[in-house]
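Asks: Input: one structure, supplied below.
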Amino acid sequence: MSDSASTNSPLAYRIVIGLEVHVQLKTETKLFCRCSTRFGQSPNTQVCPVCLGLPGSLPVLNLHAIELAARAGEALHCELASFTKWDRKNYFYPDLPKGYQTSQFDLPICVGGYLDIPIRVPSDNAADAATLSENMVKRIRLVRAHLEEDAGKSMHDERAGRADTRIDLNRAGTPLLEIVSEPDLSSAEEAKDYLTELRLIMVYLGISDGNMQEGSLRADANVNLHIERDGKTIPTPIVEIKNLNSFRSVERAIDYEVERQYREFLRTGLAMGQSPKQTRGWDDVLGQTDLQREKEEAADYRYFPCPDLVPVQLTEQQREAAKHESQFTPDRYRNVLLHTHAVKETDAEILIQQGRDVVDYFLEMVRAGATPKRASAWMLQDVLRHLNDQRVPIDRYPIAAPKLAELLMAIEQGKVDTSQAKQALAKILDDPSIGVAAAIESLGIVRVDVSEMETLCRELLAENPDVVDKVKAGNTKAVAALVGQAKKRNRNADPRVLQEICLKMIASM
Ligand SMILES: [Zn+2]
């Protein structure tokens with residue numbers, strides 16, 4: 001052990017993370033056969049001679065997988081290969097009975113590219129997590145993205161002292177796009193942000209359902225530290241953490257691994273630098289990583305070109321289609337919400353994270369005449385709450401966007417105030433067949449005439465000279481106190497008209 005390892009002063013270090021994300025493509029059938037990819041079916045009911053690897057069976061490429069991969073490549077700013085081929089990767093586990101995985105080795109379908117994530121600025125308040133800065137992004141470069149087939153699923157059965165393993169091959173042969181980043185990520189939060197945005201892009205563009213519980217998105221994280229000591233930068237061995245299948249596990253596993261590598265470095269010192277790469281598995285229950293094996297290098301997999309599949313050349317038509325279909329990214333919607341409609345950044349992000357259908361609903365309301373500010377407020381307070389309580393997607397929301405817009409416009413036009421509009425909304429939710437006008441009428445709103453409101457304002461101004469002084473001093477917001485009192489005396493009085501009359505009276509005093 002070296003001397004400096006025993007000192008207590010902490011060493012400065014930089015965290016270096018690269019992610020390999022496996023995205024399950026949203027195809028009806030597997031990559032090289034016509035078996036269904038549906039989730040949750042009885043074990044081994046979605047298999048055929050091709051995905052079972054029976055002798056004499058021949059794979060036939062699913063073209064839709066190529067289209068989806070090209071769409072992802074366009075969205076991630078990759079260069080689409082003009083010529084891409086298939087390779088066999090030796091695979092030693094029983095969940096792929098062929099004994100190899102069909103993948104892409106030296107000529108992947110997508111090369112390079114990048115993904116922008118928000119920059120996190122450390123907060124002054126240590127208790128407060130890092131916050132997002134406005135309009136600033138960090139560019140995470142991509143190495144490549146390639147297509148490959150998924151393996152089956154091993155189920156370990158250890159009940160009653162039995163320790164046998166059963167295999168479900170329904171998933172074997174399902175198309176995956178493996179997206180490999182450069183080691184540009186430097187914290188667990190950044191890794192989570194990257195994964196969140198990547199998932200969102202895949203879902204927005206219909207490339208994947210992004211369902212992490214069902215394994216549609218799995219990440220491996222390559223993590224190490226660059227530690228400063230005695231004026232030198234010493235890298236710790238790279239550790240690959242396998243099969244992280246939730247945002248939470250990605251964050252926890254990286255945090256754990258950073259701690260572990262730092263402690264290990266202090267314990268063993270410089271010699272650490274020479275030990276080989278490791279593969280470690282994340283145990284979500286114990287909250288730790290465990291050594292699985294010393295990492296194989298590519299040579300151990302002995303890739304060789306697949307003799308059964310012809311190389312793929314993307315046609316001009318396929319390229320154009322990919323370009324066209326990759327336009328509607330979350331970032332594009334973000335720009336529309338922030339810059340065209342001036343939605344508050346935090347509100348816009350909530351809408352964006354809900355998915356494309358929710359953003360489309362909002363945009364439809366705005367097109368129908370609702371103001372963006374009111375529309376986003378009602379989306380967040382009423383529509384999303386309803387969806388959340390009822391656990392339904394937006395297409396099951398009982399009120400169409402133009403109808404909700406009509407209700408919001410009734411507020412703009414002074415026909416109802418906000419609380420009355422909420423009552424009308426409740427009536428429409430109870431019975432979606434009634435129209436907005438009928439719902440408002442059924443509230444029995446009595447229109448208060450202007451002279452009545454003027455009398456009310458005059459009384460209130462006489463009783464509240466302090467408010468009058470404040471407004472005269474330039475604090476026009478102080479008038480809200482009068483409106484509150486007025487509503488108590490006459491609940492049908494329109495607050496906007498009240499406010500207007502009071503301000504006019506004060507101005508002429
Ligand atoms: Zn099959």
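Taken together, the values in this text are just the output of simple stated rules run on the coordinates, not laboratory data. The shown structure was predicted, so the numbers you read here are calculated from the model rather than taken from an experiment. Counting neighbours? That spans all protein chains shown, and the Cβs are built from the backbone with ideal geometry, glycine included.
Asks: Largest first and in whole Å, what are the equivalent-ellipsoid semi-axes of the chain based on the Cα gyration tensor, each being the root of 5 times an eigenvalue? It would help to have the intermediate numbers written out before the result.
Replies: Details: eigenvalues 624, 199, 85 Å².
Over the Cα atoms of the chain, the semi-axes work out to 56, 32, 21 Å.
Asks: Taking the stretch 185-223, which GluC sites (Glu not before Pro) meet the DSSP loop condition and have no more than 14 other C-beta atoms within 10 Å?
Replies: Here the GluC sites (Glu not before Pro) that fit, given the DSSP loop and packing criteria, are E214.
Asks: Which angle from 0 to 90°, rounded to the nearest 10, does the C-alpha axis of helix 247-268 make with the longest principal axis of the chain?
Replies: Approximately 50 degrees, to the nearest ten.
Asks: Size of the dipole of the stretch 329-442 about the Cα centre, Lys and Arg at +1 and Asp and Glu at -1 on the beta carbon, nothing else charged, in debye to 20?
Replies: In debye, rounded to 20, the stretch 329-442 gives about 120.
Asks: How far is helix 345-354 tilted, in degrees, relative to the longest principal axis of the Cα atoms in the chain, given as a value from 0 to 90 rounded to the nearest 10?
Replies: 60
Asks: Relative contact order for the chain: what percent, with Cα pairs under 8 Å and sequence separation of 6 or more?
Replies: 14
Asks: Choose one of C457, A426, G444: the residue whose Cα lies farthest towards the positive end of the charge dipole of the chain (beta-carbon charges +1 Lys, Arg; -1 Asp, Glu; about the Cα centre).
Replies: Looking along the dipole axis, the top candidate is G444.
Asks: With everything on Cα atoms, drop me the angle between helix 316-325 and the longest principal axis of the chain, reported from 0 to 90° to the nearest 10.
Replies: Its long axis makes an angle of about 40 degrees.
Asks: List the lysines whose Cα lies under 16 Å from the Cα of K472, skipping any in the same chain that are fewer than 8 positions away.
Replies: Partners found: K504.
Asks: Between V450 and R367, what is the label-point separation in nm under the 7 Å Cα-to-beta-carbon projection?
Replies: 3.8
Asks: Give the dimensionless ratio obtained when the Cα radius of gyration of the stretch 450-507 is divided by 2.2 N^0.38 Å. Write down the numbers at each step before the final one.
Replies: On the way: Rg = 10.1 Å, N = 58, 2.2 N^0.38 = 10.3 Å.
Taking N as the residue count of the stretch 450-507, the ratio is 0.98.
Asks: Now, a different point. Sticking with the crude label model, points 7 Å out along Cα→Cβ, report the distance from R34 to I434 in nm, one decimal please.
Replies: A separation of 5.4 nm, rounded to one decimal place.
Asks: Find the Cα radius of gyration of the stretch 329-442, compare it with 2.2 N^0.38 Å by division, and give the number to two decimals. Mind dumping the intermediate values first?
Replies: Values: Rg = 13.7 Å, N = 114, 2.2 N^0.38 = 13.3 Å.
The reported ratio for this selection is 1.03.
Asks: Explain nothing, just compute: Karplus ³J(HN,Hα) = 6.51 cos²θ - 1.76 cosθ + 1.60, θ = phi - 60°, for every residue of the stretch 406-421 in order, whole Hz, x for Gly and Pro.
Replies: 4, 5, 5, 5, 5, 5, 4, 7, x, 6, 9, 9, 4, 5, 5, 5
Asks: What net charge is computed for the residues neighbouring P108, neighbours being all others with C-beta under 14 Å from the C-beta of P108, Lys and Arg scored +1, Asp and Glu -1? Provide the component values of the computation, followed by the final result.
Replies: Details: positive: K85, K89, R144; negative: E20, E79, D87, D106, E148, E178.
Net charge around P108: -3.
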